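K.L.:
Below is a structure I'd like to ask you about.
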């Protein structure tokens with residue numbers, strides 16, 4: 001898989017940190033008094049959510065938007081806790097793998113995410129591995145978050161941006177993600193791709 005590869009681009013959720021998106025839907029459903037499935041369907045296709053992940057609206061504006069789903073009075077603290085419920089653990093062995101890979105490859109992160117999640121991610125990272133941020137691990141040349149670059153997977157635009165910004169040869173660069181649609185977006189600009197699943201994590205792929 002790594003033959004003729006110079007750079008590896010990692011997704012974050014489901015690749016470096018374990019995720020349970022349904023946990024957020026369930027917790028938000030409890031807080032709001034609405035069906036978790038209703039929330040999943042609404043957010044999955046919602047333009048406001050995508051605008052938030054592109055950094056076009058603030059945390060406050062996003063939380064106010066979430067309030068529109070419920071007739072209850074809810075606090076932003078409760079909404080934030082529920083929103084972060086999907087973020088689970090970061091196995092230290094994955095960080096050790098990244099440190100090993102960086103001796104031979106240029107490493108990057110490309111993630112659809114938002115400021116609320118990254119603050120929580122950094123706390124989990126410190127608890128599980130002792131590092132305060134992805135940058136503090138010292139293995140990634142650049143970390144690309146959708147809300148910071150104003151672009152979002154699976155749009156080809158974000159992959160083109162990363163390739164140009166990092167000076168990559170896409171034919172010699174491998175992108176790993178747990179979303180098939182995101183892999184298709186990466187392939188559209190010539191990147192090599194690999195699907196990551198619960199049954200085949202990066203520890204298995206690089207064993």
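K.L.:
Among the residues of segment 116-123, is any out of contact with any helix residue (DSSP H, G or I) (no Cβ under 6 Å at 6 or more places or on another chain) and assigned to a loop (DSSP other than H, G, I, E, B)? Talk me through it step by step, then tell me what you get.
P.N.:
Restricting attention to segment 116-123, the residues satisfying the condition of being out of contact with any helix residue (DSSP H, G or I) (no Cβ under 6 Å at 6 or more places or on another chain) are 117-119, 121-123.
Keeping just the survivors that are assigned to a loop (DSSP other than H, G, I, E, B) gives none.
No, segment 116-123 contains no residue that is out of contact with any helix residue (DSSP H, G or I) (no Cβ under 6 Å at 6 or more places or on another chain) and assigned to a loop (DSSP other than H, G, I, E, B).
K.L.:
Oh, and also: State the number of residues belonging to segment 163-183 that are more than 14 Å from residue 13 (Cβ to Cβ) and touching a helix residue (DSSP H, G or I) at 6+ places or on another chain (Cβ under 9 Å).
P.N.:
Matching residues across segment 163-183 total 7.
K.L.:
Kindly establish whether residue 106 is in contact with a strand residue (DSSP E or B) (Cβ under 9 Å, 6 or more places away or on another chain) and either surrounded by 15 or more Cβ atoms within 10 Å (Cβ to Cβ) or modelled with pLDDT of 95 or more (or both). Write out each step before concluding.
P.N.:
Numbers: in contact with a strand residue (DSSP E or B) (Cβ under 9 Å, 6 or more places away or on another chain): yes; either surrounded by 15 or more Cβ atoms within 10 Å (Cβ to Cβ) or modelled with pLDDT of 95 or more (or both): yes.
For residue 106, the condition - in contact with a strand residue (DSSP E or B) (Cβ under 9 Å, 6 or more places away or on another chain) and either surrounded by 15 or more Cβ atoms within 10 Å (Cβ to Cβ) or modelled with pLDDT of 95 or more (or both) - is met.
K.L.:
Would you confirm, using the coordinates I've provided, whether residue 79 is assigned to a helix (DSSP H, G or I), at pLDDT 90 or above and under 21 Å from the mean Cα position of the chain (by Cα)? Outline the logic, then answer.
P.N.:
Details: assigned to a helix (DSSP H, G or I): yes; at pLDDT 90 or above: yes; under 21 Å from the mean Cα position of the chain (by Cα): yes.
Spelling it out, residue 79 is indeed assigned to a helix (DSSP H, G or I), at pLDDT 90 or above and under 21 Å from the mean Cα position of the chain (by Cα).
K.L.:
Only residues that are exposed (fewer than 14 other Cβ atoms within 10 Å of the Cβ) and more than 27 Å from residue 183 (Cα to Cα): list them for segment 122-134, please. Show your work before the answer.
P.N.:
At the first step, the residues of segment 122-134 found to be exposed (fewer than 14 other Cβ atoms within 10 Å of the Cβ) are 123, 127, 130, 132-133.
Correct list: 123, 127, 130, 132.
K.L.:
From (1) out of contact with any helix residue (DSSP H, G or I) (no Cβ under 9 Å at 6 or more places or on another chain); (2) under 23 Å from residue 197 (Cβ atoms), pick out the condition that doesn't hold for residue 33.
P.N.:
Result: residue 33 fails condition (2) only.
K.L.:
Do we find that residue 93 is within 18 Å of the chain's Cα centre (by Cα), assigned to a helix (DSSP H, G or I) and touching a residue at least 40 places away in the same chain (Cβ under 8 Å) in this structure?
P.N.:
Numbers: within 18 Å of the chain's Cα centre (by Cα): no; assigned to a helix (DSSP H, G or I): yes; touching a residue at least 40 places away in the same chain (Cβ under 8 Å): yes.
In short, no.
K.L.:
Here's something else I'd like to know. Restricting to segment 1-18, what's the tally of residues that are outside any strand (DSSP E or B) and closer than 28 Å to residue 170 by Cβ? Show your work before the answer.
P.N.:
To start, the set of residues in segment 1-18 that are outside any strand (DSSP E or B) comprises 1-6, 11-12, 14-16, 18.
Subset that is closer than 28 Å to residue 170 by Cβ: 1-6, 11-12, 14-16.
Number of matching residues: 11.
The values are calculated or read from the model by the stated rules, or taken from the named source; none is laboratory data. Everything numeric in this text was worked out from a predicted model, so none of it was measured. Positions of Cβ are backbone-derived with ideal geometry, glycine not excepted, and every protein chain shown enters the neighbour counts.
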